[in-house]
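This report concerns only the one structure given below.
The values are calculated or read from the model by the stated rules, or taken from the named source; none is laboratory data. Keep in mind that this is a model prediction, so the values were computed, not measured. Backbone-built Cβ (ideal geometry, glycine too); neighbour counts: all protein chains shown. Side chains are part of the model used for accessible areas, which takes the heavy atoms of the whole protein and leaves out ligands, DNA and RNA. Shrake-Rupley method; radii C 1.70, N 1.55, O 1.52, S 1.80 Å.
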Amino acid sequence: MDTHEIDSKSVSLGADISDNRSSISSIEKPAHRQSNPKHYIQRDDALYIKVTVSFFMVGLATFALLYFVQPILPILSNEFSISPATSSLALSLSTALMACGLLITGPLSDAYGRKNVMVIALFCAAFFTLLSATMNSWTGILMTRALVGLSLSGVAAVAMTYLSEEIHPAYLALSMGLYISGNSIGGMSGRVITGVLSDYYSWRLSVVILGIFALFAAITFWKILPASQHFRPTALKPRNLLITTKLHFRDKGLPLLFIEGGLLMGGFVTLFNYIGYRLLDAPYSLSQTTVGLISIVYLSGTYSASKAGLLTTKYGLGKVFIAGILMMLIGILITLIESLPIIFIGMLILTTGFFAAHAVASSWVGRRAKRGRAQASSLYLFTYYTGSSLAGTVGGLFWVSFGWLGVGLFIALLMTIALLIALRLNSTLRN
């Protein structure tokens, strides 16, 4: 999404409105007035700070709860006597259930309200995270992790939709970038906390701390996020969902953007799933704390996600998107070098490129979806997290059979396909 003015048809929800109003809970009551760009939240509005802080917090909590298991996958392998590929299910199952849930929670938010769904989802995710810390069997761990993923599906797509409905089009790319920056810090924080505490205390203690933080984030989000002003409830009818789904897949850009989400996230998650195994093993033999601290590369994503939104104004969506994917491809190839500092640089480049590309793709989906925005966001994130689940687990097979060379070339193949699709998007779509 760039910061050029968007046609009022793209930001109006009038085409999506049904006369059949659904009841809205006391958490959120929509304003009953026609959407008008002058009522959209702008950067100099007091509400803009509340929205920014709210979504930064929820983005931080979401990624922290989802990805904190990555640095402790080797610990789980040892504790439960399972293979690296089986251990990766602690994340892959979460993202798989999250992907499936997105197909439900997006339409639910169209009927019952954006804020309502997000608040309930974050509270549930915090509860199931705390519950997972008490599980003593691998089956119990997987069940609670699946429930965490299912709960977080109520945050992911709906957050993007709320921003595209409430923020003025001129500032949407920046707001989306700040939200994704919260994602990057959350992913880093979750990994660092579990990496360090697991070395000195217990991985279960780190899970409890993250669960408590998520409860705090849910309460903060509930209290300070402004109620929707442009949301209009739509009857939850399968026929309506089918119609909008057909519209999305008839668009010449949206299906390709959906595929891009799966490829990008698949490559990114595979890197962090198995880099710990490589660095804990000889010749590096790093400590669990050091492996966890390597996640500071996520800070580069905090910068690149918001910067990418600004760069699209000057260079266009397509060019910035291509640049992000190229950085991911270059970054993964650099990690094939044996030098530890060089490996870190490669991870840094790949992470920077990933968050930039994801920020652009997320905004691009919001711009192209003329109707059923929540559903379009859900479809994008469905493929995004499906790619995470599939590639994240398949990467374990490459690790066992071919070591890091196999993992690196597998990710490079995914990025090459993503780059070819991005070139087509840039040549066929108007930025």
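Mind listing just one residue for me: the one in region 200-222 that is surrounded by fewer than 20 Cβ atoms within 10 Å (Cβ to Cβ) and more than 30 Å from K115 (Cβ to Cβ) and, of those, modelled with the lowest pLDDT?
The extreme case among them is Y200.
So, in region 235-255, of the ones that are in contact with a Ser or Thr (Cβ under 9 Å, 6 or more places away or on another chain) and open to solvent by less than 30 Å² (accessible area, probe 1.4 Å), which residue ends up modelled with the lowest pLDDT?
It comes out as A235.
Sort out which residues of region 104-122 are out of contact with any Ser or Thr (no Cβ under 8 Å at 6 or more places or on another chain) and open to solvent by 10 Å² or more (accessible area, probe 1.4 Å), and write them in order of number.
Correct list: L108, I120.
Give region 326-373 a look and list any residue that's in a loop (DSSP other than H, G, I, E, B), closer than 18 Å to I275 by Cα and hydrophobic (A, V, I, L, M, F, W, C), or say none.
L336, I337 - these are the residues of region 326-373 that are in a loop (DSSP other than H, G, I, E, B), closer than 18 Å to I275 by Cα and hydrophobic (A, V, I, L, M, F, W, C).
Could you check A125 against (1) crowded, with 24+ Cβ neighbours inside 10 Å; (2) out of contact with any Lys or Arg (no Cβ under 9 Å at 6 or more places or on another chain); (3) within 30 Å of G403 (Cα to Cα) and say which number it fails?
(3)
Can you tell me which residue within region 69-89, out of those that are of a type in the set (A, V, I, L, M, F, W, C) and under 12 Å from G396 (Cβ atoms), is most open to solvent (accessible area, probe 1.4 Å)?
L89
Would you confirm whether or not region 155-169 contains a residue that is touching a residue at least 12 places away in the same chain (Cβ under 8 Å), crowded, with 24+ Cβ neighbours inside 10 Å, aromatic (F, W, Y) and out of contact with any strand residue (DSSP E or B) (no Cβ under 8 Å at 6 or more places or on another chain)?
Among the residues of region 155-169, at least one is touching a residue at least 12 places away in the same chain (Cβ under 8 Å), crowded, with 24+ Cβ neighbours inside 10 Å, aromatic (F, W, Y) and out of contact with any strand residue (DSSP E or B) (no Cβ under 8 Å at 6 or more places or on another chain), which makes the answer yes.
Taking the condition of being in contact with a Gly (Cβ under 7 Å, 6 or more places away or on another chain), of a type in the set (A, V, I, L, M, F, W, C) and closer than 24 Å to S427 by Cα, how many residues in region 284-325 meet it?
Here the count works out to 3.
With the structure loaded, tell me whether A305 is open to solvent by less than 60 Å² (accessible area, probe 1.4 Å), part of a helix (DSSP H, G or I) and over 24 Å from A412 (Cα atoms) or whether it fails that test.
Taking the combined requirement at face value, the residue does not satisfy it.
So, restricting to helices (runs of 4 or more DSSP H) that lie completely within region 193-294, which ones have at least 2 residues that are of a type in the set (F, W, Y)?
Those helices (runs of 4 or more DSSP H) span 203-224, 254-280.
Does region 180-199 hold any residues that are open to solvent by 10 Å² or more (accessible area, probe 1.4 Å) and among the aliphatic types (A, V, I, L, M), and which are they?
I185, M188, V192, I193, V196, L197
Condition first: farther than 16 Å from A90 by Cβ and either buried (at least 16 other Cβ atoms within 10 Å of the Cβ) or of a type in the set (S, T, N, Q) (or both). Now tell me which residues in region 276-287 satisfy that.
R278, L279, L280, S285, L286, S287
Are any of the residues in region 417-427 among the hydroxyl-bearing types (S, T, Y) and within 30 Å of S109 (Cβ to Cβ)?
No, region 417-427 contains no residue that is among the hydroxyl-bearing types (S, T, Y) and within 30 Å of S109 (Cβ to Cβ).
Return only the number of the condition from (1) within 24 Å of the chain's Cα centre (by Cα); (2) surrounded by fewer than 18 Cβ atoms within 10 Å (Cβ to Cβ); (3) not charged (D, E, K, R) that L225 does not satisfy.
Failed condition: (2).
So which residues in region 390-424 are surrounded by 21 or more Cβ atoms within 10 Å (Cβ to Cβ) and within 28 Å of G316 (Cβ to Cβ)?
I411, L414, M415, A418, A422
Hey, does region 170-179 have a residue that's open to solvent by 10 Å² or more (accessible area, probe 1.4 Å), aromatic (F, W, Y), under 25 Å from D45 (Cβ atoms) and in a helix (DSSP H, G or I)?
Checking region 170-179: at least one residue is open to solvent by 10 Å² or more (accessible area, probe 1.4 Å), aromatic (F, W, Y), under 25 Å from D45 (Cβ atoms) and in a helix (DSSP H, G or I).
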